[in-house]
1. From the list Asp130, Asp120, pick out the single residue that is open to solvent by less than 80 Å² (accessible area, probe 1.4 Å), charged (D, E, K, R), modelled with pLDDT of 95 or more and away from the ligand (no atom under 13 Å from the Cβ).
2. For the range 65-103, name all the residues that are under 11 Å from Val123 (Cβ atoms) and without any contact (Cβ under 8 Å) to a residue 60 or more places away in the chain.
3. Please work out which residue is nearest to the chain's Cα centre (by Cα), limiting yourself to the range 212-241 and to residues that are over 17 Å from His172 (Cβ atoms) and open to solvent by 70 Å² or more (accessible area, probe 1.4 Å).
4. Answer with yes or no whether Val148 is open to solvent by 90 Å² or more (accessible area, probe 1.4 Å) and touching a residue at least 12 places away in the same chain (Cβ under 8 Å).
5. Please determine whether any residue of the range 125-132 is touching a Pro at 6+ places or on another chain (Cβ under 8 Å) and among the acidic types (Asp, Glu).
6. If I ask for residues that are closer than 20 Å to Ser173 by Cβ and in a loop (DSSP other than H, G, I, E, B), which ones from the range 84-110 would you list?
7. Can you tell me how many residues within the range 179-210 are assigned to a loop (DSSP other than H, G, I, E, B), of a type outside the set (Phe, Trp, Tyr) and open to solvent by 50 Å² or more (accessible area, probe 1.4 Å)?
8. Of everything in the range 85-96 that's more than 10 Å from the ligand (Cβ to nearest atom) and open to solvent by 40 Å² or more (accessible area, probe 1.4 Å), which residue is nearest to Ile33 (Cα to Cα)?
Amino acid sequence: MRIDILCLFPEMVASPLDQSIIKRARERGLVNIVIHNIRDYARDKHHTVDDYPYGGGPGMVLKPEPIFEAAEAIKLQLGVSEMPIILLTPQGRLFSQAVAQELARHSHLMLICGHYEGVDERVCEHLATDEISIGDYVLSGGELAALVVVDAIVRLIPGVLGSQDSASIDSHSSGLLEYPQYTRPPVYRGWPIPAVLISGNHGEIAQWRRRQSILRTAKRRPDLLEKGNLCDEEKKWMLENLLNPK
Ligand code: 6GU
């Protein structure tokens, strides 16, 4: 997969993409991530990327020309006429694991990071094919949001994670939150791990984990429960436990 990121602060995105899992995926050729500075595509002497909003009001708005020209230059270089062009904006559709899975199927993605008060609406209407927000809060720019989106997508590329299950047992892939995890020591400051985890009974461990996922989701994110495909017996067990915690 190739991902082109267009932004105003390339250093803000470069170093997180040069660490850990994403760094290894890049080194192994599983993903090619190219970061572009929108300012490099501004043609005037001062490399102007923003201007005052028509109609007045606070802040600056990103000009359309450098963004269109950057995107068009990249498409030309790649030799592709159609690819998803995603504008990161608080006005976008909400990002989720399902959106990450959908985006991970493409061979090319272009991400455009806004900054300041906004981006000229003609970029949204005539260049972007999608607009994404990572949540209901306001960031100073799309750079951090782009990092979130790229991380969630790269993890889904086959071969990026050590074992393919680690992606599918994670919180949200099953629709439920992940169960509690423990490692050594078996007793820390007097706090023991749940005995079932050292019972050697894999069926019981799987059942305990599934039930923990259900209970945790019911308590913290009841809005997600319907995605968890609970059977009648699990629903009964959950209700008993919520009413009567052990
Ligand atoms: Cl994509 N951009 C900005 N500036 N703020 C956000 C966001 C994006 N998603 C949530 N807040």
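The values are calculated or read from the model by the stated rules, or taken from the named source; none is laboratory data. Source: prediction; values computed, not measured. Glycine also receives a Cβ, built like all others from the backbone with ideal geometry; neighbour counts cover every protein chain displayed. Heavy atoms of the whole protein, side chains included, go into the accessibility calculation; ligands, DNA and RNA do not. Shrake-Rupley method; radii C 1.70, N 1.55, O 1.52, S 1.80 Å.
1. Asp120
2. The answer is Glu65, Pro66, Phe68, Ile85, Leu87, Thr89.
3. Lys235
4. no
5. Within the range 125-132 (the criterion being touching a Pro at 6+ places or on another chain (Cβ under 8 Å) and among the acidic types (Asp, Glu)), the answer is yes, since at least one residue qualifies.
6. Phe95, Ser96, Arg105, His106
7. 10
8. So the residue we want is Ser96.
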